[in-house]
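In what follows, a single structure is set out as structure tokens and then discussed.
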Amino acid sequence: MKPLSHLRIDFMGRRNLAFVVSAAMLIVSIGAILFQQLNLGLDFTGGTLVEVRYSVAPSLDAIRQLLESSGFQDVSVQTFGASTEVLIRLQQAFDPEVGNEVVNLLRAEGDSVTLVRAEFVGAQVGEQLRDQSGLGMMVALGIVMLYVAFRFQYKFAIGALFALLHDVIIVVGVFALFQLDFNLTVLAAILAVIGYSLNDTIVVYDRIRETIRTSRIDDMPQIFNEAINATLSRTLATSGTTMLVLLALLLLGGDMIENFAIALLIGVVVGTFSSIYISGALLIPLKLSREDLIPTKKEVDEEEEELP
Amino acid sequence: MLNRYPLWKYLLILVILVVGLIYSLPNLFPADPAIQVSNAQGDALDERQLTRVEEALNENGIEIKAIEQENGQWLIRLQNNDDQLNARDIATDVLGNQASVALNLAEATPSWLQAFSASPMTLGLDLRGGVHFLLEVDMDAALTQRLEVNASAMRELLRGERIRYRNTEVAERSLSIDFASAEDRDTARRLISRDFPDFDYSSEGDGRTSRLVMSLSDQTVNEIQDYAVNQNLTTLRNRVDELGVAEPMVQRQGPSQIVVELPGIQDTVAAKRIVGATANLEFRLEARNDTPDMETEQHTFRNDPSRTAELMRDVIITGDSVSSASHSFDENGRPQVNINLDGTGGTLMNRATRTNIGRNMAVLFIEHKSEDRVEIDPETGAETVIREPYVERGLISLATIQSALGNSFRITGLDSPTEAAELALLLRSGSLAAPIYFVQERTIGPSLGAENIERGLLSVQIGLLLVVIFMLVRYKVFGIFANIALALNLTLLIAVMSMLGATLTLPGIAGIVLTLGMAVDANVLIFERIREELRNGLSIQQAIHAGYERAFTSIVDANITTLLVAVILFSIGTGPVKGFAVTLSIGILTSMFTALLVTRAMVNLTYGSKPVKKLWI
């Protein structure tokens, strides 16, 4: 892997192509979110709860498979109090017939099943969570921008914000486009994407700042190329390890963490791309110059003395 | 000197790691599925009956791990999780009515670990199941409470306009006020209907029997009830998940019921007390001697039933206006609750206390309870359980208003620190819009199938293994350092989460593994930098030093930004968002510690102040 570090890839030379690709992905994503909307899971929509009683303890996996193969979505099957009582939650708008439908399906397997009750259940996620999380994101983004502006410079903050929005919108967009099941686990994955994307962006920024200070040339695209090439082996190693984990989760993990892994895989790929082409390359149209970083130079020198 | 740590740094690292190890260890001893057997009086069964249960279990192929006696009850620990429900059914069949058989999760933490009060993380609803409570929201009470609040506001309005009224009466869906004359009533009707458009108004009687009847329309009734259920949902969510790491499930079921599911099946009594608590506070002025009787109510003190006080019927504010509450001790070591009010509450409180300095203000503790009574139908012999709700009100303090109160103050007069803590929790999480009652309590199995859990856990292990191999192949000796750091990071993360009482779900486990995947990033940054510095021609010792130093700003900046996001998500988010933020923050802190300090310590111990010819990196 050593030759990698001697590579001199002209990342910035292809930035216009990258902008076009990003813009296209963003437009498709936003379009999908607006027109197709997210396929929200049981956690968000609520559904129907059916309680049934068997005469002998049934196999839960068999019930789950039977219901899923009959077209019910997002099925959860649990024992309820006793091994013969089973609680089934379905993502199916409640109507009084659902209970009988389920019982008839289960009876067709030859078991004796009685329906105890069927009722609608509300969403596990309240509107409060939705509103507050939205607000939380906004505040979080604002404060992160302030921090980046303080540690680096405001142009970096703008770049970081765009990179973050870019990554989140594309991940959510893919879920809308392919109508993948969007549940609480996927929401957690999106939060992780935010963390990952920021991490990547800041590492690249740190190197850009360092290269600007130490380099003698004034040609920004060339300085950026140097910085990005220097961090390239790290970028690939980190996204590599993360993707290894995610591929293991995706291929072996089963339904429950499948979507979690998909969301993060997209997030890691897009995040790596955006740390180079959005947060990095955006600094060029923002006209970042060496003068932008000189006033903060003294402060950083002081900090380095405190290092362990 | 380059690459040497002072002794205290090594010791500090060692101490942190040992503490981490102690608190993460209990997770290696997962709780055993068990059944708990006692006779109807709650005492232990005799050995003969126990042997019968044991035989029956063996006959059905259920493996018993251990049988022990605890607090006068027998605890039968089982080998397999799947057997638990069966075992209970069998034991119930064998013992019949003479005994009560309950499911339990018996802690398996060794006693020397328990001495550090270390305990394992609970397994989530998806992996292990838990308890399922079905709660009924008292819709009638929701209406009555709303009507009482309205009645109080109307009385204030009438007093402000100097209109004489005689009596207010709250019925099931309506509210009526008696007046001394028809004119008064008509003026009142005009005034009130302007402020309260939700009522249907009708005037009854004439002259001295004039009466204004206000009833709620069907639509308003529905709105109030819907609001009550939703408000209760929010409150219950806040209550069961203060830190956001408990992974409970709270959802509406049917028109008037709420399901609360909590992971684990230990200490359901405590859980029930918090979930079902309907405590609220009311702040009222003590009545003056000349206050007319119809405006006053008599209440007794909670801790001394022989003492009573005459209070105004009008409420200044209720616990609903509390924006935050915490519990502590006053100067004399008595428990107290510190209260902060929201804007409106503060204004109301200030207005009421400003004009009443020198009078007494009472804090009234209100609790909705219910009593189950079994009624036997004399003809059919069928038993029906009749639930009779009742309200308990008691004064917890009566103190003179010394000066105008503002947004924050404290209340004392509570019985115990536990009560203060629970009251603070209840005030903080908001009060229930209507009383709730337990309808059903059952254990619930894991929501994920056994196969799903197995696959999930397997994938997580393989993912982790891949990271370890990757680091070894790419960074050789330094890869070993990084992998040891990774293992310690995992230990610390688990230790902190166990201390916080976090619940482990399958997505949570995947999240932890992902955090670990990202945590190697700090080491990757450092190692790549060391390689780079070596290529730039620095000596080995200088390269190590420069590698750690130059990567430091990147690592700190990157982690602090992410930590900022996590902290904000924690303070603003709710439920799962909060839980994720907690895991993320802990993961960032532990990974910075292990990646920066622990690997450095290992590198320094191995290479520091020695001549090194070649670095295996």
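Things worth noting here:
- For the protein assembly as shown, the convex hull drawn through the C-alpha positions has a volume of 234 cubic angstrom per residue.
- A simple packing score, the average count of other Cβ atoms within 10 Å per residue, orders the peptides A:236-244, A:267-275 as A:267-275, A:236-244, with the highest score first.
- Packing, as the average of other Cβ atoms within 10 Å across residues, places the peptides A:114-121, B:478-485 in the order B:478-485, A:114-121, highest first.
- Computed from phi, the 3J(HN,Hα) profile of region B:185-202 under the Karplus parametrisation 6.51, -1.76, 1.60 (θ = phi - 60°) reads 4, 5, 4, 4, 4, 4, 5, 5, 5, 5, 8, 10, x, 7, 8, 9, 9, 8 Hz, with x in place of Gly and Pro.
- Between the Cα long axis of helix A:15-31 and the first principal axis of chain A there is an angle of about 30°, rounded to the nearest 10.
- Beta bridges per DSSP, both residues in chain A: antiparallel share near 90 percent.
- Calculated [θ] (222 nm, deg cm²/dmol) that DSSP helices of n ≥ 4 give over the protein assembly as shown, each run adding -39,500 (n - 2.57): -17000 deg cm²/dmol
- With every protein chain in place, the protein assembly as shown: carbon and sulfur % of accessible area (1.4 Å): 55 percent
- Whole-Å distance, taken between Cα centres, linking region B:583-612 and region B:96-143: 40 Å
- Average beta carbon contacts from partner chains per residue of A:225-234, 10 Å cutoff: 3
- Low-density loop cleavage sites - GluC sites (Glu not before Pro) in region B:15-91, where at most 12 other Cβ are within 10 Å (DSSP): B:E63
- Taking chymotrypsin sites (Phe, Trp or Tyr not before Pro) across region B:552-617, the ones in a DSSP loop with at most 14 further Cβ atoms lying within 10 angstrom of their Cβ are B:W616.
- Within 10 Å of each Cβ in A:182-192, the average number of Cβ atoms from other chains: 6
- Each peptide in A:222-233, A:101-112 receives the mean, over its residues, of other Cβ atoms within 10 Å, and ordering these scores from highest gives A:222-233, A:101-112.
- Shape category assigned to region A:47-121 from the gyration tensor of Cα positions, a/c cut at 1.5: rounded
- Region B:130-269 shape via C-alpha gyration tensor axes, a/c threshold 1.5: prolate
- Neighbouring Cβ atoms from other chains, within 10 Å of the Cβ of residues in A:44-57, number 1 on average.
- Using the Karplus relation 6.51 cos²θ - 1.76 cosθ + 1.60 with θ = phi - 60°, the per-residue 3J(HN,Hα) values for region B:437-444 come to 10, 6, 9, 8, 9, 9, 8, 10 Hz, with x marking Gly and Pro.
The values are calculated or read from the model by the stated rules, or taken from the named source; none is laboratory data. These numbers come from a predicted model, not from an experiment. Don't worry about glycine lacking a Cβ; one is built from the backbone with ideal geometry, like all the others, and counts go over all protein chains shown. Heads up: the accessible areas ignore ligands, DNA and RNA and are worked out on the full protein's heavy atoms, side chains in. Shrake-Rupley method; radii C 1.70, N 1.55, O 1.52, S 1.80 Å.
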